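One structure is given here, and the rest of the page talks about it.
The values are calculated or read from the model by the stated rules, or taken from the named source; none is laboratory data. Computed from a predicted model, the values in this text were never measured in an experiment. Here the Cβ positions follow ideal geometry from the backbone for every residue, glycine too, while neighbour counts run over all protein chains shown.
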Amino acid sequence: AAVAAPSAPSPRRDSWRGMRAGILVLGGTSAGLLLAYLAGRRHWRRRKPSPAALALLKTVDSAALEAELARRSVGAHVINTSVRPLHAARAAAIDAELSRLGVASPDALAPGPPRKAYETFARPREGEPCDDDYVRRKAPLMAQQVAFLHRHEQARRNELLRNVDDATQALERAARPRHNVTVVLDNLRSAENVGSIFRTADATRVCRVVTCGFTTTPPDRKLEKTALGALSSVPCDHFEATIAAVRHLRSRGVYVVALETTEDAIPLGVAPQLGDEGRGVAIVLGNEVTGVDKAVMEECDAVVEIPVFGVKNSLNVACCASVALYEVLRRWGKWESRVER
């Protein structure tokens, strides 16, 4: 009788098998398990992961997780206890030193490098010195190393857990409405300053950043150095001329204020143009050397300044952005509402 040829394996089934294998490998790491689960569940339904899974993957440092998993590969930090039995004198000496350093017992050590370092000393290889003088000299040094590895390992584990928590928190915050604030950058020369402003814009949940002229505009590798992932979370527009951006915003009824030190500038803390949340406000920040262009200031509704009391008469432009944006949110009662929650 003819035998039916075996059916070709399904690509989707193979992908799911690979995902299940990945889940088993990642089982020891909560962050890795969460990532694999979200990606795998969505992949079973469709080929493309959901926006939520993508956002989570972008928030958590996948490269760090992969390095962590490789570091914890099976057998990497295991001592064969049957071949290398516990040496009573060595174990007692290092236990006493660890107790002095705040580690209650060997059982309290985190798995991985600290446990391996402890076992390496407490379970010596055949032929290693075990005399009293050697143990007395070596035990304090090894205990210091084990205690350091223990603290380091705890910090790494806490960081991974915080990354997952931050990812969940970021997804929740992404659904919140944006504050009615626009940041306009008038020909800033430093990409690092621009990236830092994007990070502040993300923290203050502004509606958008408008880059003008030769201001570095996303996507750009230099911006990422100081933005640290904020470029993807802040909407951005670009205008070739700052005046065009100012006129566009004013035509939509937005108060536009230039942040600059001039004789007629209004102190930031009392500027009435910052008080109308319904109408919104746009803050123009100028070039690091020349400041906001004079022609641009003439198009704005007002010019405000941050008071300074030192020898220098200005702040770094990225610092100015932070001060101004948080002053706007304070004026609108956002700090108080956050405390009430």
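Values as computed for the structure displayed
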quantity: Number of positions in segment 289-338 that are closer than 22 Å to Ala244 by Cβ and of a type outside the set (A, V, I, L, M, F, W, C); calculated: 7
quantity: Residues that are under 25 Å from the mean Cα position of the chain (by Cα) and either surrounded by 15 or more Cβ atoms within 10 Å (Cβ to Cβ) or of a type in the set (Ser, Thr, Tyr) (or both), drawn from segment 292-318; calculated: Val317, Ala318
quantity: Some residue of segment 59-70 being crowded, with 18+ Cβ neighbours inside 10 Å, in a helix (DSSP H, G or I), at pLDDT below 55 and acidic (Asp, Glu); calculated: yes
quantity: Every pair of residues 6+ apart whose Cβ atoms lie under 9 Å, when the first sits in segment 302-330 and is without any contact (Cβ under 8 Å) to a residue 40 or more places away in the chain while the second is assigned to a helix (DSSP H, G or I); calculated: Leu315/Val323; Cys319/Ser196; Arg330/Glu336
quantity: Lone qualifier among Ala122, Ala139, Ala147 - being more than 30 Å from Tyr326 (Cα to Cα), modelled with pLDDT of 90 or more, touching a His at 6+ places or on another chain (Cβ under 8 Å) and surrounded by 19 or more Cβ atoms within 10 Å (Cβ to Cβ); calculated: Ala122
